[in-house]
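Read the structure below first, then the notes.
The values are calculated or read from the model by the stated rules, or taken from the named source; none is laboratory data. No experiment lies behind these values; they were computed from the predicted model shown. Neighbour counts run over all protein chains shown; Cβ positions are idealised from the backbone, glycine included.
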Amino acid sequence: MTLDWQKLAGNYRDQYIEDLTALVAIDSARDDSLATQAEPLGPGPAAALKKFLEIGQRDGFTVKNLDNLAGYIEFGDGDETLAVLSHVDQMPAGEGWETDPYTLTEKDGNLYGRGTSDDKGPGLAAYYGLRMLKDNGISLGRKVRLILGTDEESNWTGMTHYMEVEPAPTLGFSPDAEFPLINGEKGNVTFEVEFKGENAGNLTLVSFHSGLRENMVPRDAVADVKTTEVSQMQAEFETFLAEEPVTGEVETNADGLHFHIIGKAAHGMEPKLGVNAGTYLAKFLNQYPFGGDAEDFLSLIATKLHDDSRANQLEIAYTDDVMGDLTMNVGIMNFDANAGGKVNTNFRYPKGVGPAEIREGLSAATRQMAVTIEKGREMKPHYVDPSDPIVSTLMAIYKRQTGETDAQPEVVGGGTYGRLMERGVAFGALFPWTPSTMHQANEYQPVSDLLRAMAIYGESIYELAK
């Protein structure tokens, strides 16, 4: 079938923006403190899921809500199912926004707001790609389901629930990454090093806090230090700020000093794109005579984890010819003189290395410290051969619609729902010419990119399901 997919997509511009405005307005970060039996991941994810399904129902699709954990929008019939897997949750907004993160703002051709790039904007573009087929009376040989998860940014509870109560899809893609296409995703595992809260030095680390999620480079870090050397530390902190790629401030309080460092947030799959405020603050404080668990906490971060996304200091650096480097993100660093501390490290690893080697590296680095190391969730590496028709078909559509004839599929450190299917890939919606602002303040996507993605998704769904 010959259709002008990009012209068709342009016809939906105004309603697409209206629907995206409604989705962005919902703070859908998972919040377990507000969880109930009816809203097991908190009210935000449930509200965003209901709104997306409401949009599908409005447009005449079959929809189903699976216990406010997942849901789907369905079109067509067939024994096989093509799945398009997206998510309605988002990262916490964090600090540093120039606009309201929950008010979709169009400026200079860009749409700003939390979720515009990850993943409300792309997921809605895929939905409109499906709607183009329905509105034009196009019949398909496979059933198509746009499946919506509610906590992709944390534990995948929603999509796990979907797989428990619904049949597994035959094949599909996730519009939750970048173009041209991702046919391989590294393994993903989190380890947490836990400390007691003892202070035994001339200074007291009263508290230290940095990071919101394990898969996000922390933008902010704060610490309270009990000290009598107030003037000296203030002066040395100002010198530190002048020499390092961070900003910040220091204030006096009743017991000593309150420090605040500002770095740059980024997606945890490539920590080099961010500036980790927490590890820089630990680097500064580590030069002073703290003791006990406080000293160990600062030392681990400053000497073994700081500015080392390839884990060289842990002696576990590894590169695979196909899947690339092992990477490490130090996502959460907390210490309290009463409650103790923890350092959360998230690793993206290629084939050839795994959690056992990573644990050994952390164990060796903390062998002289009184710590425990706990392993969190793990996802194994995922890879679809480039010769698979789902890869070749989607690549052909991307090249045809963009003119990027030299484009090749990629392997990345990100983890998407595409890996839930043996023949699953990640496909857009970030184009190579647009900077990634996922998990950052001032997240945005150009309107033109989202409409182009909509056109690509429309043709892709047609070709895979016809």
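Residues that are assigned by TED's automatic domain parsing to the domain that holds residue 319, of a type in the set (Ser, Thr, Tyr) and either over 18 Å from residue 457 (Cβ atoms) or surrounded by 21 or more Cβ atoms within 10 Å (Cβ to Cβ) (or both) do not occur anywhere in the range 392-402. Of the numbered criteria (1) more than 22 Å from residue 13 (Cα to Cα); (2) surrounded by 21 or more Cβ atoms within 10 Å (Cβ to Cβ); (3) of a type in the set (A, V, I, L, M, F, W, C), the one residue 450 fails is (1). Across the range 113-157, the number of residues qualifying as of a type in the set (S, T, N, Q) and in a helix (DSSP H, G or I) comes to 1.
So, residue 90, is that one in the same structural domain as residue 167 (by TED's automatic domain parsing) and farther than 19 Å from residue 438 by Cβ or not?
Here the answer is no, as residue 90 does not meet what is asked.
Considering every residue within the range 368-377, establish whether at least one is at pLDDT below 95, in a strand (DSSP E or B) and within 22 Å of the chain's Cα centre (by Cα). Yes: the range 368-377 contains one or more residues that are at pLDDT below 95, in a strand (DSSP E or B) and within 22 Å of the chain's Cα centre (by Cα). Candidates 376, 354, 361: the one that is among the small types (Gly, Ala, Ser), surrounded by 16 or more Cβ atoms within 10 Å (Cβ to Cβ), in contact (Cβ under 8 Å) with a residue 24 or more places away in the chain and closer than 24 Å to residue 152 by Cα is 354.
When you scan the range 136-153, do you find a residue that is at pLDDT below 95, more than 21 Å from residue 447 (Cβ to Cβ) and under 25 Å from the mean Cα position of the chain (by Cα), even just one? Checked against the condition, which is being at pLDDT below 95, more than 21 Å from residue 447 (Cβ to Cβ) and under 25 Å from the mean Cα position of the chain (by Cα), the range 136-153 yields at least one hit. Does the range 324-342 contain any residue that is in contact with a strand residue (DSSP E or B) (Cβ under 9 Å, 6 or more places away or on another chain), farther than 25 Å from residue 221 by Cβ, aromatic (Phe, Trp, Tyr) and part of a strand (DSSP E or B)? No, the conditions are met nowhere in the range 324-342. Suppose we keep only residues that are outside any helix (DSSP H, G or I), modelled with pLDDT of 95 or more and among the polar types (S, T, N, Q) within the range 249-294. Which one would you say is farthest from residue 435 (Cα to Cα)? Here the answer is 252.
I want to confirm something. Restricting to the range 398-433 and keeping residues that are free of Cβ contacts under 8 Å to residues at least 60 places away in the same chain and more than 22 Å from the chain's Cα centre (by Cα), which single residue is nearest to residue 5 (Cα to Cα)? Taking the candidates together, the pick is 400. Residue under question is residue 353, and the condition is that it be among the hydrophobic types (A, V, I, L, M, F, W, C) and outside any loop (DSSP other than H, G, I, E, B); does it hold? No: the conditions fail for residue 353.
Looking at 7, 50, just one residue is part of a helix (DSSP H, G or I), closer than 22 Å to residue 114 by Cβ and either out of contact with any Asp or Glu (no Cβ under 6 Å at 6 or more places or on another chain) or not charged (D, E, K, R) (or both), and that residue is 50. In the range 36-65, the residues that are among the basic types (Lys, Arg) reach residues that are assigned to a helix (DSSP H, G or I) with C-beta atoms within less than 8 angstrom, at least six apart or across chains, in these pairs: 51/22; 51/23; 64/53. Residue 296 meets all of the listed conditions (1) under 30 Å from residue 90 (Cα atoms); (2) more than 26 Å from the chain's Cα centre (by Cα); (3) crowded, with 18+ Cβ neighbours inside 10 Å; (4) not hydroxyl-bearing (Ser, Thr, Tyr) but one, namely (1). Within the range 163-179, identify whether any single residue is more than 27 Å from residue 324 (Cβ to Cβ), not aliphatic (A, V, I, L, M) and not in a loop (DSSP other than H, G, I, E, B), and answer yes or no. Checked the range 163-179: at least one residue is more than 27 Å from residue 324 (Cβ to Cβ), not aliphatic (A, V, I, L, M) and not in a loop (DSSP other than H, G, I, E, B).
Each residue in the range 288-323 was checked for being in contact (Cβ under 8 Å) with a residue 40 or more places away in the chain and more than 21 Å from residue 217 (Cα to Cα), and 12 of them qualify.
Scanning the range 211-235 for residues that are part of a strand (DSSP E or B) and out of contact with any Ser or Thr (no Cβ under 8 Å at 6 or more places or on another chain) yields 216, 217.
Scanning the range 378-397 turns up at least one residue that is part of a strand (DSSP E or B), among the aliphatic types (A, V, I, L, M) and under 22 Å from the mean Cα position of the chain (by Cα).
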